[in-house]
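Please read the structure below before turning to the comments.
Every number here is computed from the coordinates shown, using simple stated rules; none is lab data. None of the values given here were measured: they were computed from a predicted structure. Methodologically, a virtual Cβ is constructed for each residue, glycine included, from the backbone with ideal geometry; neighbour enumeration extends over all protein chains shown.
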Amino acid sequence: MCGTDLTHARWRKSSYSGGANDCVEVAELAEHAAVRDSKDIGRRPLLFSKVAMRALVDGIGCGYIDECCDSE
């Protein structure tokens, strides 16, 4: 995955984004999905297999993966 060409990746941001570049962007590639921080697009994005990305999105949607809060 390290050699994955991202030159022609089409990045998209959630429609729920406030437009302040404070979210992640996702690009669907041939065999992978790439995720990057919209505030720092110069950093190398994280690459996931499509199966892993689907499991992540499904886990969030079902509530299995939730936002963590510091109880202090």
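The label point for residue 10 and the one for residue 55, both projected 7 Å from the Cα toward the Cβ, are 2.8 nm apart.
Counting only Cα atoms, the size of segment 12-62 along its three principal axes is 29, 26, 13 Å, in decreasing order.
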